[in-house]
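Notes follow once the structure below has been shown.
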Amino acid sequence: MSELLEALFHRRAVKVFDRVEISHVLREQILDAARHAPSSFNSQPYRFFWVESSARRATAAKLCMGQMPAATASALVVAVADIGSLAATSQAQLEWMRRSRFSPAKIRDYERKVKIGRILFMPGPFGIFGAVKWAIFRLVNLWKTMGMPPVFRQDLLKWATKSTSLACENLMIAAESLGLNTCPMEGFDGRRLSRFLGLSTRYHEIVMVIAIGKKSSAYAEPPQWRRPLETTVTVL
């Protein structure tokens, strides 16, 4: 646990990298840590694009506004919120449960949750179903305490972005603990980068691009400041 906390507290957004080769083993460990992050309904609504070949990395770096972290990184990871994979993910989990010999009761319970999730999360053509659900939930909320599920496509992408961000944090902490450094970036041309990766504007939204490499020996890391704990946390 102390080693994990050390990696967490020492992780910084590195602005300049020395180019190093990231082995296949390290790459798999870093990405595996990302996919083990928690997600709502275990839906895992994200995709990661690991860009390491020189030509593609140069193109992606250009679409990241030519930022120094992107230009000097050994690899770029494009984290994408993906709402088009929900049905396939739930079906894959159901098949896994059957192979793993879960009890029929647990399988039926999961199938029921999947059906409810499809109803709750399905915006329908032109968002009509989403509008109807929004009106129903608002009416019910007048006399009952309840949360508002994501009923419109943009709500779904926002919901998926939360899980994607959790996975990104896992990825960065894993890289730090394995001796690499990272820099998360929000400065990029989303339209052109999406086209470069072959993404669908209907189902995908780029959350961030993470530069990965080894901190340059010439990079002078500035002191880090964080707000005091008492100004950030309220204990009730």
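Applying a threshold of 27 Å to the alpha-carbon distances of Lys158/Lys214; Lys106/Lys158; Lys158/Lys215; Lys115/Lys158 flags Lys158/Lys214; Lys106/Lys158; Lys158/Lys215 as lying beyond it. Between amide H atoms placed 1.01 Å from N, distances below 5 Å from Val16 occur with Ser216, all of them 5 or more places distant or on a separate chain. Per residue, the convex hull spanned by the Cα atoms of the range 101-236 measures out at 255 cubic angstrom. For trypsin sites (Lys or Arg not before Pro), the sites in the range 177-236 that DSSP calls loop and that have at most 16 other Cβ atoms within 10 Å are Arg202, Arg226. From helices alone, the chain scores -15500 deg cm²/dmol at 222 nm; the rule is -39500 (n - 2.57) for each run of n ≥ 4 DSSP H residues, then divide by the residue total. Here semi-axes √(5λ) of the Cα gyration tensor in Å was computed from the coordinates, and among (1) 27, 22, 17; (2) 35, 21, 20; (3) 28, 19, 17 the match is (2). Placing R0 at 25 angstrom, the Cβ-Cβ distance between Glu95 and Thr59 gives a FRET efficiency of 0.10 after rounding to 0.05. Once backbone amide H atoms are built at 1.01 Å from N, Val207 has Ala79, Val80, Ala81 as its partners under 5 Å, excluding neighbours fewer than 5 places away on the same chain. Here's how it looks for Ala75: its modeled amide H is under 5 Å from those of Ile212, which are all 5 or more places away or on a different chain.
Within a Cβ distance under 13 Å of Met146, other residues only, what is the Lys/Arg minus Asp/Glu net charge? Write down the numbers at each step before the final one.
Details: positive: Lys133, Arg138, Lys144; negative: none.
Overall, the nearby charge balance is +3.
Relative intensity of the range 169-220 on a log10 scale, I(q)/I(0) at q = 0.20, 0.30, 0.31 Å⁻¹, equals -0.79, -1.09, -1.13, per a Debye sum over C-alpha point scatterers of equal strength in the absence of solvent. Loop-resident GluC sites (Glu not before Pro) (DSSP state other than H, G, I, E or B) in the range 1-108 with no more than 11 further Cβ atoms inside 10 Å of their Cβ: Glu21. All other residues with a Cβ under 12 Å from the Cβ of Arg27 taken together, and with Lys, Arg as +1 and Asp, Glu as -1, what is their net charge? In short, -4.
Against the chain, whose longest principal axis comes from its Cα atoms, helix 128-140 is set at around 70 degrees.
Largest mean-square fluctuation among Ser177, Ser194, Ser103, in a Gaussian network model of the chain whose springs join Cα atoms under 10 Å apart, belongs to Ser103. For the pair the range 186-214 / the range 97-176, the C-alpha centres are spaced 23 Å from each other. Taken about its Cα centre, the range 1-93 carries a charge dipole of about 380 debye when Lys and Arg each add +1 at the Cβ and Asp and Glu each add -1 at the Cβ. Take the range 1-127, drop everything but the C-alpha atoms, weight them equally and run the Debye formula without solvent; then report log10 I(q)/I(0) at 0.10, 0.11 Å⁻¹ to two decimals. The calculated log intensity ratios at q = 0.10, 0.11 Å⁻¹ are -0.53, -0.62. Normalised by residue number, the volume inside the convex hull of the Cα atoms of the range 54-176 is 196 Å³ per residue.
Each 10 Å bin from zero up to the one holding the largest Cα-Cα distance in the range 124-174 carries the following percent of pairs: 23, 35, 25, 14, 3.
Result for the chain in a Gaussian network model with C-alpha springs under 10 Å: among Pro184, Pro38, Pro104, the largest mean-square fluctuation is at Pro104.
The numbers here are math on the coordinates, done by the rules we state, and not lab data. Not measured: the values here are computed from a predicted model. Cβ coordinates were reconstructed from backbone atoms using ideal geometry, including for glycine residues, and neighbour counts include every protein chain displayed.
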